[in-house]
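Student: Here's a structure for you.
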Amino acid sequence: MAPKPLSWPHQLPASPSSPLTPAEAYAALSDVRPPDAAIVNESTSTMAVHAEWLPTVRSGSFFTTASGGIGWGVPGAVGVALGDRAEGVQRTVIATIGDGSFQYSLQAIWTAAQHKLPIVFVVFRNGEYSILKSFAELEEAPGVPGLDLSGLDIASVAKGFGCRAAHADTAEDIRTQFKLATEADGPTVNVVKTQPQYAKLG
């Protein structure tokens with residue numbers, strides 16, 4: 001399935017998609033996001049959709065990259081949660097991470113599990129490095145090899161590191177699993193199957 005280019009605003013489809021569009025996934029998260037939650041975003045190809053559906057509502061509540069580094073989001077979320085604990089702050093950390101970015105530093109979820117940190121990792125499983133494909137299109141070099149991510153069992157890996165893991169295929173699944181995650185004693189890795197989507201670059 002070819003990724004869809006971004007358009008603004010990101011309208012929800014008239015009937016639910018399968019897999020979900022990024023907009024549908026973010027819209028479901030917006031329904032359940034606690035007002036005091038911190039958000040860490042490393043789903044770079046969907047940043048514009050994120051900004052529409054999960055806007056920053058208070059200072060110190062949104063963390064993302066200022067450049068092109070990949071793999072900081074998972075340990076970054078752990079760092080935010082550890083910093084909160086050191087300061088006596090009690091809030092949920094929501095980490096929206098692409099399935100490609102999740103592979104770079106996933107060992108950080110072990111630390112999250114060991115310290116029982118209140119993190120909900122929402123891994124958008126679109127089966128590819130969408131942001132790198134977007135850059136390939138920008139550079140007029142489509143078809144770059146090695147950017148497809150088939151066969152990953154992210155939930156099993158998460159369980160192996162000691163995290164609670166779940167799958168969400170619908171908007172209602174996202175809302176239900178988020179509620180269960182916030183009630184859990186420690187982090188959850190929620191794998192959400194989504195459609196690929198090109199970022200608008202250049």
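All of the numbers you see were taken from the coordinates with simple rules; none came from a lab. Predicted model, so just to flag it, every value in this text is computed and none were measured. No Cβ is skipped: glycine too gets one built from the backbone with ideal geometry, and neighbour counts run over all protein chains shown.
Student: Normalised by the number of residues in the chain, what is the relative contact order in percent for Cα pairs under 8 Å and 6+ residues apart?
Tutor: Value for the chain: 30 percent.
Student: Taking the mean number of other Cβ atoms within 10 Å as a proxy for protection, how do you rank 53-66, 18-31 from highest to lowest?
Tutor: The peptides rank, most packed first, as 18-31, 53-66.
Student: Which one, Ala141, Ala158, Ala81, has the greatest fluctuation when you compute a Gaussian network model over the chain with C-alpha springs under 10 angstrom?
Tutor: With Cα springs under 10 Å in the chain, the top fluctuation among Ala141, Ala158, Ala81 is at Ala141.
Student: Take every DSSP beta bridge whose two residues both sit in segment 92-191, then give the antiparallel share in percent to the nearest 5.
Tutor: Approximately 5 percent, going by the DSSP bridge assignments.
Student: Take each complete run of DSSP H in the chain, measure how far its Cα atoms stretch along the helix's own axis, and keep only those covering 20 Å or more with mean Kyte-Doolittle hydropathy at least 0.0; list them.
Tutor: Taking the DSSP H segments of the chain (at least 20 Å long, mean hydropathy at least 0.0), we get 73-87.
Student: Something else now. Quick one: of the DSSP bridges fully inside the chain, what percent are antiparallel, nearest 5?
Tutor: Close to 5 percent.
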